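Working notes, beginning with the structure itself.
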């Protein structure tokens with residue numbers, strides 16, 4: 001009998017907690033909710049151990065239940081204005097509750113004899129708080145304060161009677177313990193009435209996660225309590241096999257509960273039910289937006305971008321599969337681009353299809369059910385229009401396409417469209433950069449081919465007059481050999497095979513400069529003290545830079561004017577200065593045209609040399625600058641890091 005009545009009380013506590021969530025208003029829905037949960041936990045403990053309803057875990061939870069009820073009444077008292085009486089009741093509740101908990105703990109047997117007295121004091125305090133609350137509340141406040149004061153104060157008064165009789169008779173009457181459970185089940189609904197009457201605040205808006213997990217725990221607790229009640233009835237019918245049946249029933253119920261709650265479809269149905277009955281908005285839009293952004297950004301995710309685009313829309317509505325259709329070249333054609341757990345559905349949507357027409361208008365299209373597809377979500381971009389569509393399979397918990405859901409899907413579709421448009425733009429930019437890089441390398445090659453052609457033409461022009469000169473023959477071989485090496489380097493540059501040469505660097509920069517100066521055909525004076533350490537720049541690239549700059553200086557100078565080239569080390573940098581006494585350049589050209597591709601003042605110039613030279617120097621970690629004035633010549637300064645400094649870094 002005790003187990004059965006307490007099982008009823010536990011179910012009543014769960015029902016009151018759920019009813020408070022449904023009928024309550026604002027944040028103050030939580031006090032009646034807590035009172036119901038505390039009552040359910042205490043009654044459930046008695047169901048599991050009906051032989052000792054006042055001791056063990058049942059006794060401890062009874063003390064906690066009374067403490068929660070006292071806290072609920074104090075919260076209501078605080079809403080009336082608090083004051084000294086409120087502070088006094090709060091201090092008294094904390095002291096008596098601490099003493100009652102210490103007496104109820106099993107590892108403090110010395111205090112166990114004080115348990116009835118501490119619980120009697122706790123029940124008396126509960127009655128006093130309830131009486132003071134009801135007496136001090138006016139007519140308007142009493143409308144919603146009297147029901148909890150009557151319910152919790154009345155249950156406290158019944159506890160006073162139980163412990164007073166126990167103190168006088170030397171024992172607890174089992175009939176009173178059973179009656180207390182029934183009285184609890186009858187009195188607790190007054191808390192729901194109080195929650196419904198309190199209209200001073202708007203409807204409660206707990207988070208979706210709290211509501212979902214709270215409802216899951218309540219359902220699971222009610223299920224286990226029901227199983228425990230049935231087991232207690234079986235045990236009372238036959239003591240020989242009833243205990244084994246009770247244990248088996250509880251274990252089976254727990255196992256079944258774990259299996260059910262681990263199923264995504266069951267969890268989805270619970271979530272939908274909670275959102276429909278307990279929450280003003282079906283979705284936590286902030287959470288869903290952040291989840292979509294996290295899915296699309298996908299740091300460290302192995303999923304392809306198109307798959308992430310599908311999941312960004314499918315996950316918020318608990319859909320397990322989907323298909324992505326994207327617009328290719330024609331505006332009226334969508335082609336299948338990716339699948340996620342989905343193989344069915346159309347591979348394309350062409351112009352004239354009614355689904356495509358509705359998607360182009362920004363509508364979410366619902367497909368007939370049952371079927372492999374549930375809805376089609378448009379991916380609308382603010383500038384490019386319809387970029388594609390996501391076709392979703394039916395959700396785990398079937399539900400119709402409501403207006404709120406359609407608005408959420410359209411919003412997510414716009415976010416996915418932005419993601420896909422930005423990704424497509426990034427891919428086009430990367431392709432453009434690759435084409436531009438190839439064009440830059442081809443421009444370098446074309447300019448170097450022009451340089452090699454000029455060198456060979458000069459050799460041919462002087463060959464007839466100086467072929468018999470051994471020194472000319474030696475210079476001619478060096479020039480032809482250098483031209484062949486440069487052509488090989490140009491081919492490697494187009495094939496991106498020059499990395500190995502760059503890694504080796506230039507071992508003797510002064511020697512390379514002397515070789516370039518000898519083949520220039522114009523007087524060059526090199527000023528340097530000794531040799532210089534290597535620089536981390538391929539020898540062919542270093543030779544190309546010096547050739548461009550010296551040739552430009554020679555073309556700008558008169559034939560008898562000597563070009564000055566000076567080498568010196570400044571810290572960990574090699575500095576090379578090339579100075580001529582030519583016509584010079586204007587400040588405007590020096591600022592806007594010298595290092596701009598295809599900008600030149602020479603009739604037969606290509607406008608590549610200076611730009612290529614600076615790019616090659618910058619790739620090696622250096623810098624190239626120019627100073628010039630009209631009529632006074634030009635000075636080019638090259639700074640390159642020394643190889644030893646690069647290795648140390």
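What the table below lists for this structure:
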| read-out | value |
| --- | --- |
| Length added when fully stretched, residue 293-residue 430, from 0.36 nm per residue minus Cα-Cα | 47.0 nm |
| For peptides 148-155, 509-516, 397-404, sequence by mean Cβ density within 10 Å, most packed first | 148-155, 509-516, 397-404 |
| For the range 301-421, convex hull volume per residue from C-alpha positions, Å³ | 100 |
| Label-point separation, residue 591 to residue 75 (7 Å along Cα→Cβ), nm | 7.2 |
| Nearest-0.05 FRET efficiency for residue 618 and residue 560, computed from C-beta distance (R0 35 Å) | 0.55 |
| Linear extension gain, residue 404 paired with residue 423, 0.36 nm per residue minus alpha-carbon span | 3.9 nm |
| Relative counts (whole %) of C-alpha pair distances in the range 317-387, using bins that are 5 Å wide | 3, 16, 27, 29, 17, 7, 1, 0 |
| Separation of the residue 333 and residue 469 label points, Cα + 7 Å toward Cβ, nm | 6.9 |
| Pair residue 174, residue 382: separation of 7 Å Cα→Cβ label points (nm) | 7.5 |
| Peptides ranked, highest mean first, by Cβ atoms within 10 Å: ranges 577-585, 354-362 | 577-585, 354-362 |
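No lab work stands behind these numbers, since they all come straight from the coordinates. Owing to the predicted nature of the structure, the values given are computational and were not obtained by experimental measurement. Note that we place each Cβ from the backbone using ideal geometry, even for glycine, and neighbour counts take in every protein chain shown.
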